[in-house]
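Chemist: Here it is: the structure, laid out below.
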Amino acid sequence: MSVTPVGGLHHVTAIAGPAQENLDFYAGVLGMRLVKKSVNQDDPGTYHLFYADAEGHPGTDLTFFPWSHMAQPRMGHGLSVEVSLTVPPGSLEFWSERLTRYGVRQDPIELRFGSRTLPLVDPHGLRVALVEAPDALTRTFAPWDDSPIVVERQIRGLESSRVWEHSLALTASFLTDVLGFRHLGTEGDWHRFAVGSGGTGEYLDVREVPSETRRGAWGVGSIHHLAWRVADEAEQLAVRSAVDGAGRRPTPVIDRFWFKSVYFLEPGGVLFELATDGPGFAVDEDPQHLGESLVLPPWLEGQRASIAANLPALTSPHPEA
Ligand code: ZN
């Protein structure tokens, strides 16, 4: 049976603390564009905030559920522990200085698989890394003219994610045999897998943790799921069928309006999603005004007034010193 490979990261979704602080950091400090302000479709009492490039291209999108009521996450296997974003070559000194100015926790710049990398911790504990990637390797990127960051230094999109697993072999064979990844290399404890042409956004780094390590658990500052690109609904069904055949019990296709989604746990327990490239964030908003007003799925429109009244008010992002 031939494998239909997924097409790299579509989006990464994490759990945040208060929504305004999340907005201040990702739009105000990192300069990403808020391309969609919606609610969690399964929990409409809370926001779902989407940050991306100016046009919200698949592969540039980092999204958050601001679930302040949750406890701290428990680090452990079966959890994605970091997300990386690409920045232009030679820009990390600029970023390090900017993050210092706003009091952001960061580690020294290091080399990962040959790329200069700046690890940092967002205001709610999420581990994020900025990775310098050659322009030629950066996927479609639309600069945002209203960003506080000049175009030459803007975040370009997703680079990779890191996961902790109790069994490298189990996850590795699922990645290669079912989702079409290949093992690209090993550096220290980290095994890098790639799909597609192996450009930015097409990596997943896996670390096998010691056997006594506990199962990880979601909390404020943890990654909730990793979504992988599928070109269209036909491709989504083909990959879904392979996932089903591997015993991973995928959900039915769920319409998220900006894309269609299927969810399942990979063998180590990390929540994966298959998300279609289209129709995209401009399907229900003017591309010039993405993210400016609250967008609800059609079945919740009738409750707009009460939903909006229960959400915390959000003001324009302003970086907090
Ligand atoms: Zn998702």
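The values are calculated or read from the model by the stated rules, or taken from the named source; none is laboratory data. Not measured: the values here are computed from a predicted model. Cβ coordinates were reconstructed from backbone atoms using ideal geometry, including for glycine residues, and neighbour counts include every protein chain displayed. Side chains included, ligands, DNA and RNA excluded: accessible areas come from the protein's heavy atoms. Shrake-Rupley method; radii C 1.70, N 1.55, O 1.52, S 1.80 Å.
Chemist: Could you work out the pair-distance distribution P(r) of the chain from its alpha-carbon pairs, with 20 angstrom bin width and percents rounded to whole numbers?
Modeler: That works out to 34, 61, 5, in percent per bin.
Chemist: Taking the DSSP beta bridges in region 9-310 as the whole, what percent of them are antiparallel, to the nearest 5? Before the final figure, lay out each step's value.
Modeler: Working: 51 of 75 bridges.
Percentage antiparallel, nearest 5: 70.
Chemist: Where the centre of each part is set by its Cα atoms, how far does region 220-281 sit from region 97-121, in angstrom?
Modeler: Each part's Cα centre sits 31 Å from the other's.
Chemist: Tell me what the chain gives for mean residue ellipticity at 222 nm when only DSSP H runs of n ≥ 4 count, each as -39,500 (n - 2.57), the sum divided by the residue total, rounded to 500 deg cm²/dmol. All intermediate terms of the calculation are to be shown ahead of the outcome.
Modeler: On the way: 5 runs with 45 residues, N = 321.
The helix contribution divided over the chain gives -4000 deg cm²/dmol.
Chemist: Which of the peptides 195-205, 284-294 is most tightly packed, and how do the rest follow, judged by the mean count of other Cβ atoms within 10 Å per residue? All intermediate terms of the calculation are to be shown ahead of the outcome.
Modeler: On the way: 195-205: 21.2, 284-294: 13.6.
Highest mean packing first, the order is 195-205, 284-294.
Chemist: Could you list which residues have their amide H under 5 Å from that of Val87, counting only those 5 or more apart in sequence or on another chain, with H placed in the peptide plane?
Modeler: Residues meeting the criterion, in which the H sits 1.01 Å from N, are Val131, Glu132, Ala133, Arg156.
Chemist: Moving on to the next point. What do the square roots of 5 times the Cα gyration tensor eigenvalues come to for region 221-321, in whole Å, largest first, as semi-axes of the equivalent ellipsoid?
Modeler: Numbers: eigenvalues 185, 62, 42 Å².
Computed over region 221-321, the values are 30, 18, 15 Å.
Chemist: Comparing Asn40, Asn22, Asn310, which has the greatest mean-square fluctuation in the GNM of the chain with Cα pairs linked when under 10 Å apart?
Modeler: Maximum among the listed residues: Asn310.
Chemist: Also, quick follow-up: If Met70, Met75 are ordered by their accessible area, calculated over protein heavy atoms with a 1.4 Å probe, which sequence runs from highest to lowest? Walk me through the numbers on the way to the answer.
Modeler: Numbers: Met70 55, Met75 100 Å².
Final ranking, largest accessible area leading: Met75, Met70.
Chemist: Dipole size in debye (nearest 20) for the chain around its Cα centre, Lys and Arg Cβ +1, Asp and Glu Cβ -1?
Modeler: Values: 26 positive and 41 negative charges, 133 e Å.
In debye, rounded to 20, the chain gives about 640.
Chemist: Computed from the mean reciprocal separation of all distinct C-alpha pairs, what Kirkwood hydrodynamic radius does region 176-225 have, in Å?
Modeler: Working: mean 1/r = 0.0777 Å⁻¹.
Taking every pair of different Cα atoms in region 176-225, averaging 1/r and inverting gives 12.9 Å.
Chemist: Students sometimes get this wrong: rank Ile109, Ile223 by accessible area, probe 1.4 Å, all chains present, largest first.
Modeler: Details: Ile109 65, Ile223 5 Å².
Largest accessible area first, the residues go Ile109, Ile223.
Chemist: With a sphere of radius 9 Å drawn around the Cβ of Val206, what net charge do the other residues whose Cβ falls strictly inside it have (Lys, Arg +1; Asp, Glu -1)? Show your work: numbers first, answer last.
Modeler: On the way: positive: Arg162, Arg192, Arg207; negative: Glu165, Asp205, Glu208.
It works out to a net charge of 0.
Chemist: Now for a separate question. Per Stokes-Einstein, at 20 °C and 1.002 mPa s, what whole-number D in µm² s⁻¹ belongs to region 55-156, with the Kirkwood radius over Cα pairs as the hydrodynamic radius? Mind dumping the intermediate values first?
Modeler: Values: Rh = 15.1 Å.
Stokes-Einstein gives a translational diffusion coefficient of 142 µm²/s.
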